[in-house]
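Accompanying notes for the structure given below.
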Amino acid sequence: METATVDLITRARAGDGDAFRELTEPHRRELHVHCYRMLGSFQDAEDALQDTLLSAWQSIAAFEGRASIRTWLYRIATNRCLDALRSASRRQAVPWDILEVDPPAPTRLGDVVWLQPFPDALLDGAVNPPLGPEARYEQTEAISLAFVTALQALPSRQVAVLILRDVLGYHANEVADLLDTTVESVTSALKRARVGLRRQLPPTGDREPPPAPGSSAERVLVAKFARAYASGDIDALVTLLTDDVYVSMPPIPLEYHGRADVARFYATILRRSWTYDFIPTRANGQPALAAYLRAPAGIRHGIGLVVLTLSGDRISAITRFDTSVLPSFGLPRSLPG
């Protein structure tokens, strides 16, 4: 352990808040992402992060230095998230919220209605932390909406083990220590988690990789989607979709799978007479659009955030979140006329 770190720990143990912040601040964003992966909710992850830092401050005097500060913080954060999963009631499903529109029957009802997006603006320095040699997933893949959604279907201990082992690359004995369990238990949980995750992730098959983030190909595809959506051009919209596209809209549980059902959905909800404005942003490493609907008085009311999952020059998933997520992206709920 470096001399400077030892000095900060000594000062923090003595009650120096500035020293404590200097110790923990370099890990704050990656801990936020860790909590988000476990909980699937941006707001719940923020709460868990605050609980983690408070718990760390309250227990810094007992820190023995047997592990790094980073690993010690991951231990606290993981256990705070496990506590939250055991005790907290998750955000409940809500009914369809556009009164003027009666949506068609869904393909299915989604289960992960508490899912929220994570702003890319907060990923800087959070998705490239030091990784152990046993990490199996690219950090960008492990923050995607598909990956985070799939994690939510696994038992909480399996989620913790899989993230610590396959995303962060901790050794089995380190994870056993973090979770106060045995290596055998960790190995068993990881095996079951890998099987469960493969079952939950959408099949990729021959799916093409997405365009590079921020590339002209990505911008062109997102612009085509925005034009088709704003004009209510269902034919143009459908040509942008993969055959196995799916639409979800947490916390509304309605989901539409496949081109035909998605086309039926958008044909029902889009109106050529409505005027939309879009503000581009990014969430979970994916392009996103904050959507605003212009009212007769000129005020543009936010109607949600749409996150696009791309495959080659097509869109393979569309996830629409409600207006409650806009402030976390620094976006207003309404715009002036």
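The values are calculated or read from the model by the stated rules, or taken from the named source; none is laboratory data. In this text, all values refer to a predicted model and were calculated from it rather than measured experimentally. Heads up, the Cβs are rebuilt from the backbone with ideal geometry, glycines too, and the neighbour counts pull from every protein chain shown.
With (1) surrounded by fewer than 18 Cβ atoms within 10 Å (Cβ to Cβ); (2) aliphatic (A, V, I, L, M); (3) at pLDDT 95 or above as the list, and Leu201 as the residue in question, which single condition is left unmet?
Every condition holds for Leu201 apart from (3).
Could you pull out the residue among Arg207, Arg192 that is without any contact (Cβ under 8 Å) to a residue 60 or more places away in the chain and on the phi < 0 side of the Ramachandran plot?
Arg192
Looking at region 291-305 only, could you name the residues that are part of a strand (DSSP E or B) and surrounded by fewer than 23 Cβ atoms within 10 Å (Cβ to Cβ)?
Scanning region 291-305 gives Ala291, Leu293, Arg294, Arg300, His301, Gly302, Ile303, Gly304.
Give region 77-97 a look and list any residue that's part of a loop (DSSP other than H, G, I, E, B) and out of contact with any strand residue (DSSP E or B) (no Cβ under 8 Å at 6 or more places or on another chain), or say none.
Ala88, Ser89, Arg90, Arg91, Gln92
Looking at Pro117 and the list (1) over 22 Å from Asn284 (Cα atoms); (2) assigned to a loop (DSSP other than H, G, I, E, B); (3) at pLDDT 95 or above; (4) not basic (Lys, Arg), which single condition is not satisfied?
Failed condition: (1).
Across region 49-76, which residue is farthest from Ala126 (Cα to Cα) among those that are part of a helix (DSSP H, G or I) and among the basic types (Lys, Arg)?
Here the answer is Arg75.
Mind checking which residues of region 210-243 are surrounded by fewer than 17 Cβ atoms within 10 Å (Cβ to Cβ) and part of a strand (DSSP E or B)?
Answer for region 210-243, where residues must be surrounded by fewer than 17 Cβ atoms within 10 Å (Cβ to Cβ) and part of a strand (DSSP E or B): just Asp243.
Confirm whether Ala267 is at pLDDT below 95, touching a helix residue (DSSP H, G or I) at 6+ places or on another chain (Cβ under 7 Å) and either assigned by TED's automatic domain parsing to the domain that holds Ala236 or part of a strand (DSSP E or B) (or both).
yes
Return the residue satisfying two criteria in turn: it lies in region 245-273 and is among the hydroxyl-bearing types (Ser, Thr, Tyr) and crowded, with 17+ Cβ neighbours inside 10 Å, and of such residues it is nearest to Ile234 (Cα to Cα).
Checked region 245-273; the qualifying residue nearest to Ile234 (Cα to Cα) is Tyr266.
Among the residues of region 297-307 satisfying the criterion of being of a type outside the set (A, V, I, L, M) and within 22 Å of the chain's Cα centre (by Cα), which is modelled with the lowest pLDDT?
Step by step, filter region 297-307, then rank; the result is Gly302.
How do the pairs read when you match residues in region 123-145 that are free of Cβ contacts under 8 Å to residues at least 60 places away in the same chain with residues anywhere that are among the polar types (S, T, N, Q) and surrounded by fewer than 18 Cβ atoms within 10 Å (Cβ to Cβ), using Cβ under 8 Å and keeping only pairs 6 or more apart or on different chains?
From region 123-145, the pairs are Gln139/Asn128.
What number of residues within region 143-177 satisfy the criterion of being more than 19 Å from the chain's Cα centre (by Cα), among the aliphatic types (A, V, I, L, M) and surrounded by 21 or more Cβ atoms within 10 Å (Cβ to Cβ)?
Qualifying residue count for the region: 1.
Kindly provide the set of residues from region 249-261 that are closer than 18 Å to Arg207 by Cβ and either touching a His at 6+ places or on another chain (Cβ under 6 Å) or assigned to a strand (DSSP E or B) (or both), ordered by number.
Listed by number, the list holds a single entry, His257.
Quick check on this structure: which one of Arg282, Arg272, Arg294, Arg320 is farther than 20 Å from Asp97 by Cβ, among the charged types (D, E, K, R) and either touching a Lys or Arg at 6+ places or on another chain (Cβ under 9 Å) or modelled with pLDDT of 95 or more (or both)?
Matching residue, one of Arg282, Arg272, Arg294, Arg320: Arg282.
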